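This report refers to the structure that appears directly beneath it.
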Amino acid sequence: MRKKLNRIFRRLYSAFGPQQWWPAQSAFEVMVGAILTQNTNWSNVETAIASLKSNKLLDAKKLYKIKPEKLAGLIKSAGYYNIKARRLKSFLSFFFNNYSANINIMASLDLATLRKQLLEVNGIGQETADSILLYALNKPIFVIDTYTKRVLLRHGLIKEGTDYRGVQDIFMRNLKADTKLFNEYHALLVKLGKDYCHKQNPKCEICPLNGQ
């Protein structure tokens, strides 16, 4: 398994190069993006984040103070904007109450503690929590999404119905716990899923992993 995972990474890196993901100017922006990207595509999230920036509101203290209705209007492009506004407000309450909105204090805690805390925040599931841990707080945990599951299933590395932690354990057990590696590997799998490994009509013949 370890050899196959490493071979897949090398092929994808050779085909696509470094992905420089997560595209954000700050750790806090990553956190906001991780919540906004639930059930939507990244282009919609970019529009919502641009809206917050243009209104000079991409700031923890400012977002903490504004009303959910106003926040919802600003992030409308992300879809489910009323729900996501409430989720952002729940996260901000957690961020202030536990860490005084200080990224460095939050990042000083261990991965297991932080993950448990994040999963207790209303509206934050495993993928969102792990995205915050990996991309904002530089903790070595592998993010699992639909693309990752699809690629692994089609290459016989998991069975249909394998749950989130079951898929995640494959990477965590067989790869070195390295934030940079997990970051790049996940981004490459997302690139593969978007460009080749489609749910319908996958481009298997020209896929970089063809014959893998």
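Where a number appears in this text, it was derived from the coordinates with a stated rule and is not lab data. Keep in mind that this is a model prediction, so the values were computed, not measured. So basically every Cβ, Gly included, is an ideal-geometry build from the backbone, and we count neighbours across all protein chains shown.
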| remark: Between I105 and R7, the FRET efficiency computed from the C-beta separation at R0 = 45 Å comes out, to the nearest 0.05, as 0.70
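Which value, in debye to the nearest 20, gives the size of the charge dipole of region 120-212 about its Cα centre, when Lys and Arg are +1 and Asp and Glu are -1 at the Cβ?
Values: 13 positive and 11 negative charges, 47 e Å.
Roughly 220 debye, rounded to the nearest 20.
Which length gain, in nm to one decimal place, applies between Q200 and L181 when the Cα-Cα distance is subtracted from 0.36 nm times their residue separation? It would help to have the intermediate numbers written out before the result.
Details: separation 19, 0.36 × 19 = 6.84 nm, distance 2.90 nm.
In short, 3.9 nm is gained.
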| said: From the phi angles alone, apply the Karplus equation (6.51, -1.76, 1.60; θ = phi - 60°) to region 148-165 and give each ³J(HN,Hα) in whole Hz, x where the residue is Gly or Pro. | reply: 4, 4, 5, 5, 5, 5, 5, 9, x, 8, 9, 9, 4, x, 4, 7, 3, 5
| request: Sum -39500 (n - 2.57) across every DSSP H segment of at least 4 residues in the chain, then divide by the residue count to get the 222 nm mean residue ellipticity, nearest 500. | output: -18000 deg cm²/dmol
| query | Helix 27-36: angle to the longest alpha-carbon principal axis of the chain, degrees 0 to 90, nearest 10? | reply | 80
| query | Here are some pairs, K62/K116; K149/K180; K76/K180; K116/K180; which of them have Cα atoms lying more than 29 Å apart in this structure? | reply | K76/K180
| note | Footprinting proxy, E184, E69: sorted fewest to most Cβ within 10 Å, the residues are E69, E184
| said: Could you tell me which residue out of F9, G79, A107 lies farthest along the dipole of the chain toward its positive end? Charges go on the beta carbon: Lys and Arg +1, Asp and Glu -1, centred on the Cα centre. | reply: F9
| remark: The helix 42-54 Cα axis meets the longest alpha-carbon principal axis of the chain at an angle in degrees, between 0 and 90 and rounded to 10, of 30
| Residue-wise, which Karplus ³J(HN,Hα) couplings in Hz belong to region 8-25, taking 6.51 cos²θ - 1.76 cosθ + 1.60, θ = phi - 60°, and x for glycine or proline? | 4, 4, 4, 5, 5, 5, 5, 6, 10, x, x, 9, 6, 10, 9, x, 7, 9
| field | For region 40-114, size of Cβ-based charge dipole, Lys and Arg +1, Asp and Glu -1, in debye | value | 400
| message | If a paramagnetic tag sat 7 Å from the Cα of R154 along the Cα-Cβ line, which residues of region 1-31 would have the backbone N under 20 Å from that point? | response | 4-17, 19
| Residues with amide H under 5 Å of I158's amide H, sequence separation 5 or more or different chain, H placed in the peptide plane at 1.01 Å from N; which? | L153
| Listed candidates (i) 54; (ii) 41; (iii) 36 - label of the one calculated as percent of Cα pairs over 25 Å apart | (ii)
| query | Remind me, relative contact order of region 65-166 in percent, using alpha carbon pairs under 8 angstrom and six or more residues apart? | reply | 16
| Positive-end extreme of charge dipole, the chain - chosen from L92, Q200, G161 (charges on Cβ) | Q200
| message | Angle check, please: helix 179-195 long axis (alpha carbons) against the longest principal axis of the chain (alpha carbons), in degrees 0 to 90, nearest 10. | response | 80
